[in-house]
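First comes the structure, then the notes that go with it.
The values are calculated or read from the model by the stated rules, or taken from the named source; none is laboratory data. Keep in mind that what you see is a predicted model, and the values were worked out from it rather than measured. Cβ placement follows ideal geometry from the backbone for every residue including glycine, while neighbour counts extend to all protein chains displayed.
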Amino acid sequence: MISMTLMTRSRYRIIISALLLATLASSCGITRTETDYYTIVIRDTTYREDVRNVPGSADDNGVVFPSSRTTNIRHYTMTYDSTYDRTYPNFLRMGGLELAGYLLTSSRNGVGPGFLGAYSVLDSHTIKGVGSVINPTATDEESIFKGNLVRFMPFEYRLRWFDDAPNWTIGGSVYEVINRNENEGFASLGNIYVRRRFYFHDKIPYLFASPFFGVGFYPSMYMNTGAELTLGSFGGFNLKGYAGLAAGFNWNAEGRKAAIEAGKPTALFGFPYFGFGVSTLDFVNKVEETEREWKDYVHSSIEVSILDGQLLASFADYTNAFDTVLSSLPFTGGSVRFGTAHYPLPVLDSNFFVGTTLFNFMALGFEQSTFSVLPVRVGYRRHLIAEDLSLEPFMEFNYYPSQYFNLGTRLRLKAYSDFSIGVVVGYAVGSSGAYLPNALFSEGSPLGSDFSTGYAGVSFTFGRIFTPDFIWKSKASEQ
């Protein structure tokens, strides 16, 4: 793992480089536009016929003696150009965040990311010391998952080679970390991967294996080869399995020193791995989907949001979670949900849904802060006015590392296509559990704080909301 000292010294350089690479990745384009050019020709002919009677005749002569006639024929031709733009998806994969936990990569204690690389992120039993954080409750127990993988903004595009063979992809990620244990690992701000997909199920949700070969460049130089098994995409969520081999070295002096201290005669090292992971805001396409217009893109979830935030006021007399600057506001806490997806259930009127979010932080007071991974939410969404105003009763079960139950309802208004605001009331009961607040704040609440209170507040969501009818029609068009 890259030491915290190195991360502190180079954090600004890494952030700037990541932003530049993110800009480069986005410049590849989520969509492509094909334009048809037409030259339209309109031809018209006008016939004009004048009738002039024989002089001295008061009436028409009829058929036997027809009147004199004059016929004018005029031809008109008009030509103009016309264009028609058709927009298509341009990616085979466009992701947000991918996490994985690796098994048996080392004999050391390990990083301890937990199952799927996410479950023990802020678990007090695995965080022994991060920066200024001191966790006296941490043990020296070995982690089952020794290593981990983190990818930020992975992307894949079609690779047209071998006579334009399908299912070959080329891509990478803005930032990638592959750790063997707590001291050894690789990181790259630029990487290239070539993959080949083999589909076992070619309808949503897809199931496919993808052997790959990749290279990272800086701050580590390494190669990574193996295979991944992907099940998805459920509104941007994917479950993944991994098996592979990573080998290389770190350019920086700290990385070489860590390798030597770990008993390596040189800075070069490698390790095999296998494990399990999850990715969110990660959308996967087949080649056939890139040949369907963007307006016909197949959707599978009634809500996909990057960030769902709330400012909350608890009904209990809890200490305000905010500092003195914000304590004058009528809020004692709030919540932040990252990477959320809800799926319609085909029961009754299809307005029932089930969903989850990658990370869910909620604080009803200073000592009542919680953190949970992949909670389960079940609810009912009734659209009151078209698709803009909806009422959403819900219940949510958070089980790790905090354990609590959240019951409430939200009235939400879609202000723009990707932004909505609302009001929420609810009741939450449970415990902060093994969540370590010191990992996010210099002063955190005690471990295992219990709470039970009602609350009310306002919400804001950065994401898209669809109706069940839209989802079913979208899936039907896939057939």
- residue 210 vs. criteria small (Gly, Ala, Ser), in contact with a strand residue (DSSP E or B) (Cβ under 9 Å, 6 or more places away or on another chain), part of a strand (DSSP E or B) and farther than 25 Å from residue 90 by Cβ: no
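Out of 88, 119, 102, report the one residue that is under 27 Å from the mean Cα position of the chain (by Cα), under 30 Å from residue 169 (Cβ atoms), at pLDDT 90 or above and not in a loop (DSSP other than H, G, I, E, B).
Only one candidate qualifies: 102.
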Residues of the range 341-356 being at positive phi and loosely packed, with under 13 Cβ neighbours inside 10 Å, in sequence order, are 348
Within the range 421-435, the residues that are within 28 Å of the chain's Cα centre (by Cα) and closer than 16 Å to residue 459 by Cα are 421, 422, 423, 424, 425, 426
Here the qualifying pairs (Cβ atoms under 6 Å; residues six or more apart or on different chains; first in the range 40-57 and under 16 Å from residue 77 (Cβ atoms) and polar (S, T, N, Q); second modelled with pLDDT of 70 or more and in a strand (DSSP E or B)) come out as 45/75; 46/74
The correct count of residues that are modelled with pLDDT of 85 or more and touching a strand residue (DSSP E or B) at 6+ places or on another chain (Cβ under 6 Å) in the range 314-331 is 4
Query raised in the report: Does residue 281 satisfy the criteria of being hydrophobic (A, V, I, L, M, F, W, C), within 30 Å of residue 85 (Cβ to Cβ) and either modelled with pLDDT of 90 or more or not assigned by TED's automatic domain parsing to the domain that holds residue 463 (or both)?
Result: yes
Next on the checklist: Yes or no: the range 282-291 includes at least one residue that is surrounded by 18 or more Cβ atoms within 10 Å (Cβ to Cβ) and part of a strand (DSSP E or B).
Outcome noted: yes
Exactly one of 365, 275, 334 is touching a Phe, Trp or Tyr at 6+ places or on another chain (Cβ under 7 Å), over 30 Å from residue 224 (Cβ atoms) and either at pLDDT below 95 or not in a loop (DSSP other than H, G, I, E, B) (or both), and that one is 365
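For the range 382-402, how many residues meet the condition of being surrounded by fewer than 19 Cβ atoms within 10 Å (Cβ to Cβ) and either in a strand (DSSP E or B) or touching a residue at least 60 places away in the same chain (Cβ under 8 Å) (or both)? First the steps, then the outcome.
So the first thing to find is which residues in the range 382-402 are surrounded by fewer than 19 Cβ atoms within 10 Å (Cβ to Cβ), and the list is 382-389, 391, 393, 395, 397, 399.
After this cut, where a residue has to be either in a strand (DSSP E or B) or touching a residue at least 60 places away in the same chain (Cβ under 8 Å) (or both) as well, the list is 382-385, 387, 389, 391, 393, 395, 397.
So the answer is 10.
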Take residue 180 and tell me if it is modelled with pLDDT of 85 or more and under 26 Å from residue 31 (Cβ atoms).
no
When (1) hydrophobic (A, V, I, L, M, F, W, C); (2) within 18 Å of residue 465 (Cβ to Cβ); (3) buried (at least 16 other Cβ atoms within 10 Å of the Cβ) are applied to residue 307, the one that fails is (3)
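Give the residue, chosen from 229, 189, 207, that is modelled with pLDDT under 95 and either in the same structural domain as residue 250 (by TED's automatic domain parsing) or of a type outside the set (S, T, N, Q) (or both).
Values: 229 fails: modelled with pLDDT under 95; 207 fails: modelled with pLDDT under 95.
When all the criteria are applied, what remains is 189.
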On the basis of being on the phi > 0 side of the Ramachandran plot and of a type in the set (Ser, Thr, Tyr), does residue 314 make the cut?
no
